[in-house]
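Peer 1: Following this message is one structure expressed as C-alpha cells.
Bear in mind these aren't lab numbers, they're just calculated from the coordinates by the rules spelled out. Please read these numbers as outputs of a predicted model, since none were measured by experiment. Positions of Cβ are generated from backbone atoms using ideal geometry, with glycine treated the same way; all protein chains shown enter the neighbour counts.
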Amino acid sequence: MGAGYVFTKESRPTLRDRAVQQIKRAILSGKLKSGSRLIEQELSEKMGMSRFPVREAFASLECEGLVTIEPYKGAFISIPDSTEIVETYEIRELLEAHALSLAMRGDVAGIAARLSAIISAMDAATEPSREDFLRNDFEFHETLCQLSGNSVLYRTWLTLSTKIQILLNEELHVESMSQMCRNHQRLCTLIASGDVAAASGELRAHLQRGKASLLSLRRNKGDREG
C-alpha cells in the first residue's frame, strides 16, 4: 500500500443525499410521472427535512438528466425527447443483440431457465406491483448482458441504466404488462431453441417495438401540448 496515500473515513449520507435517493427512486419506479412538477415544500414535508436539501437534490438530479429546472417556473421531471429515445434504443439494440449472440455460445438451456424465472416474476406482478414489474423487466435485460461474459459490454450497458429504467416506465403507458410478458416469453422460447438468428431477430424487433411505441407516445403528447 502506498505510504503517501491518505485514506479518509466515509461520511454519513447527508440530507441532500437522502433526498436525491428518495426522489430518484420515485422517478424510476414511475411514482413521479414525466413532466410533473416537483414542489419543494410538499417534498420537504413528506421527507421530514427543510426545503434547502430538497433544492440541492433538484440540482443534483438535473445533472443526471432526471429533472429539468426552469427559471421562475420550478423543477419538473424530465421528459425524454424523440432524439434521446432513438439514440438510447439504437445503443441498446447494438449491445443487447451482441450480448445475446455471445451468451448463446454457452449453456442455452441454463440461460433460458434464468430468464424464464425472471419472466415468471414479471407475470406475477399486477397493477399495484408496477414497481416490481419494472424492476424485473430491467433485470431481464441486465441479466442478458451479464450472461454475455463480456464485462466491458456489461459495464457499458450499465451506463445507460437510468435512461433505460425511465424509458421502460414510459413503455408501460403504451403496452400492457401481460403483453410485455408475452413478448419476453417469445424471446425466451427462441433462446431455448438455440436458434441464434431467430432469437437475435426477435430481440431487435422487441426493442424496435418499444422505441416505436415511445416515439408515438411522444408525438401524441406533443400534439396535445401544442
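Peer 1: Can you give me the angle between helix 196-225 and the longest principal axis of the chain, using Cα atoms only, in degrees from 0 to 90, rounded to the nearest 10?
Peer 2: So the helix axis and the longest Cα principal axis differ by about 40 degrees.
Peer 1: Would you work out which of SER200, LEU190, ALA26 lies farthest towards the positive end of the dipole of the chain, given +1 charges on the beta-carbon of Lys and Arg and -1 on that of Asp and Glu, about the Cα centre?
Peer 2: ALA26
Peer 1: Angle between the Cα long axis of helix 108-124 and the longest principal axis of the chain, 0 to 90 degrees, nearest 10?
Peer 2: 50
Peer 1: Which peptide among 131-141, 20-30 comes first, and what is the full order, when sorted by highest mean count of other Cβ atoms within 10 Å? Kindly include the intermediate steps, with their values, before the conclusion.
Peer 2: Numbers: 131-141: 19.8, 20-30: 18.3.
Averaged packing, sorted descending, gives the order 131-141, 20-30.
Peer 1: Right, here's the next one. Take every Cα pair under 8 Å in the chain that's 6+ residues apart, average their separations, divide by the length, and report that relative contact order as a whole percent. Before the final figure, lay out each step's value.
Peer 2: Working: 220 pairs, mean separation 48.0, N = 226.
Reported as a whole number, the value is 21 percent.
Peer 1: Oh, and also: Please say if segment 15-77 is rounded, prolate or oblate, where rounded means a/c under 1.5 for a ≥ b ≥ c the square roots of the C-alpha gyration tensor eigenvalues, and otherwise the choice is prolate for a/b larger than b/c and oblate otherwise? Could you put the intermediate results ahead of the total?
Peer 2: Details: a/c = 1.36, a/b = 1.13, b/c = 1.20.
Because its axes are fairly even, with a/c under 1.5, segment 15-77 counts as rounded.
Peer 1: Give me the one-decimal nm value for the distance between modelled label points at LEU172 and LEU102, 7 Å along each residue's Cα-to-Cβ direction.
Peer 2: Computed distance between label sites LEU172 and LEU102 equals 3.0 nm.
Peer 1: Can you sort CYS145, CYS63 by how many other beta carbons sit within 10 Å, fewest first? Don't jump to the answer; show the numbers that get you there.
Peer 2: Numbers: CYS145 23, CYS63 8.
Placing the least packed residue first, the sequence is CYS63, CYS145.
Peer 1: Another question about this same structure. Under 15 Å Cα-Cα from LYS33, which aspartates and glutamates qualify once same-chain neighbours fewer than 8 residues away are excluded?
Peer 2: Within the straight-line cut-off, LYS33 pairs with ASP81, GLU131, GLU170, GLU171.
Peer 1: Can you give the charge dipole size of segment 24-160 about its Cα centre, rounded to the nearest 20 debye, using +1 on the beta carbon of Lys and Arg and -1 on the beta carbon of Asp and Glu?
Peer 2: Working: 15 positive and 21 negative charges, 66 e Å.
Using Cβ point charges on Lys, Arg, Asp and Glu, segment 24-160 gives about 320 debye.
Peer 1: In degrees between 0 and 90, to the nearest 10, how far off the longest principal axis of the chain does helix 130-146 point, with axes built from Cα atoms?
Peer 2: The angle comes out near 60 degrees.
Peer 1: Taking 7 Å along the Cα-to-C-beta vector as the label spot, tell me the ASN220-GLN41 distance in nanometres, rounded to one decimal.
Peer 2: Between ASN220 and GLN41, the label points sit 3.5 nm apart.
Peer 1: Further question: Using +1 at the Cβ of each Lys and Arg and -1 at the Cβ of each Asp and Glu in the chain, identify which of MET104, PRO80, ILE39 lies farthest towards the dipole's positive end.
Peer 2: Of MET104, PRO80, ILE39, it is ILE39.
Peer 1: Using the Kirkwood formula on the Cα atoms of segment 76-226, what hydrodynamic radius do you get, in angstrom to one decimal?
Peer 2: Values: mean 1/r = 0.0634 Å⁻¹.
Mean inverse Cα-Cα distance, inverted, gives 15.8 Å.
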